[in-house]
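These notes concern the structure reproduced below.
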Amino acid sequence: MSMLDFYIRVVKALDDIGAPYMIVGAFGGSIFGIARATNDIDIIVDLHGKDFEALSEKFSLPRYYADPEMIKNSVEMGIMFNIIGTGEGAKADLVPLRREPEYRLAFERRIRDVFTDENGATFEAWVAQPTDIIIGKLYAWNEGRSNKHPNDIYSMLVFDLSGFSDPKIDYELVLAKTSSIGKETRQMWEQLLARAKDELKKHGK
């Protein structure tokens, strides 16, 4: 089993137990134009009460390790926790919503959409809207300056401006958010948007 397969199994388990979650990052953006291959899925969870035990039961020993007390403590402290496939050497990291408060609004407006796995099979999952995926990548770029984030954003812009994205990107909201993140982030966003528009003009769109 690949790492991506393991993450998808975790997503499906969260669905099965009715636990609130949201996919963000490159995998979330794959249905909104990001073509970059990724080996993991960024998952934000908002677990409560019965969710800890229910999730642990989906990944029981000896094949898996998902201690309910560890999950509960991690959520309460707002720190990342993981589910481990002991036989496969796979590990899925899950981030409590409490640790990422800037995602609270995104979490409330997340949508249900269809993804395709490595084998071509489809599955439904909760995912952030493209606007919020871009905002998350702007924050990530501001912190680490990895080139993968502007590259991903550019792909999403071309996809949206070509009329393929549903829902559409809220450009005014993204621009307002870049202003609060910082001057360099706003400049980077404006450059990417101009570049994407230029690319479409070259192809007569």
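For the stretch 158-205, the tally of residues that are within 26 Å of Trp126 (Cβ to Cβ), open to solvent by less than 80 Å² (accessible area, probe 1.4 Å) and outside any helix (DSSP H, G or I) stands at 6. Taking the criterion of being in contact (Cβ under 8 Å) with a residue 24 or more places away in the chain, farther than 11 Å from Leu157 by Cα and not charged (D, E, K, R), the residues of the stretch 169-205 that qualify are Leu173, Val174, Thr178, Ile181, Gly182, Thr185, Met188. On the stretch given as the stretch 114-138, residues that are part of a strand (DSSP E or B) and either aliphatic (A, V, I, L, M) or open to solvent by 40 Å² or more (accessible area, probe 1.4 Å) (or both) total 7. The residue of the stretch 24-36 that is most open to solvent (accessible area, probe 1.4 Å), among those that are over 13 Å from Val11 (Cα atoms) and among the aliphatic types (A, V, I, L, M), is Ala35.
Among the residues of the stretch 1-33, the one identified as closer than 15 Å to Val114 by Cα and touching a Gly at 6+ places or on another chain (Cβ under 6 Å) is Val24. A residue that is assigned to a strand (DSSP E or B) and under 17 Å from the mean Cα position of the chain (by Cα) cannot be found anywhere in the stretch 57-70. Listed by first and then second residue, the pairs with beta-carbon distance under 8 Å, at least 6 apart or on different chains, first residue in the stretch 64-83 and hydroxyl-bearing (Ser, Thr, Tyr), second open to solvent by less than 50 Å² (accessible area, probe 1.4 Å), are Tyr64/Ile83; Tyr64/Gly85; Tyr65/Phe59; Tyr65/Ile83; Ser74/Phe81; Ser74/Pro96. Can you say whether Ile135 is closer than 30 Å to Lys50 by Cα and either of a type in the set (D, E, K, R) or modelled with pLDDT of 95 or more (or both), as far as the supplied structure shows? No.
Kindly indicate the residue of the stretch 1-26 that is of a type in the set (Phe, Trp, Tyr) and in a helix (DSSP H, G or I) and also nearest to the chain's Cα centre (by Cα) among those meeting that condition. Steps first, answer last, please.
At the first step, the residues of the stretch 1-26 found to be of a type in the set (Phe, Trp, Tyr) are 6-7, 21.
Within this subset, residues satisfying the condition of being in a helix (DSSP H, G or I) are 6-7.
Working: Phe6: 16, Tyr7: 12 Å.
The extreme case among them is Tyr7.
Can you pull out the residues in the stretch 96-113 that are farther than 19 Å from Met156 by Cβ, surrounded by 14 or more Cβ atoms within 10 Å (Cβ to Cβ) and modelled with pLDDT under 95? Those that are farther than 19 Å from Met156 by Cβ, surrounded by 14 or more Cβ atoms within 10 Å (Cβ to Cβ) and modelled with pLDDT under 95: Arg98, Arg99, Glu100. Considering only residues of the stretch 37-71 that are open to solvent by 90 Å² or more (accessible area, probe 1.4 Å) and touching a helix residue (DSSP H, G or I) at 6+ places or on another chain (Cβ under 7 Å), which is modelled with the lowest pLDDT? Looking at the filtered set, the residue picked out is Asn39. Right, Leu97: of a type in the set (A, V, I, L, M, F, W, C) and closer than 22 Å to Asp5 by Cβ or not? No, not satisfied.
The values are calculated or read from the model by the stated rules, or taken from the named source; none is laboratory data. This structure is a prediction, so every number in the text was calculated from the model and none was measured. No Cβ is skipped: glycine too gets one built from the backbone with ideal geometry, and neighbour counts run over all protein chains shown. The accessibility values were calculated without ligands, DNA or RNA, using every heavy atom of the protein model including side chains. Shrake-Rupley method; radii C 1.70, N 1.55, O 1.52, S 1.80 Å.
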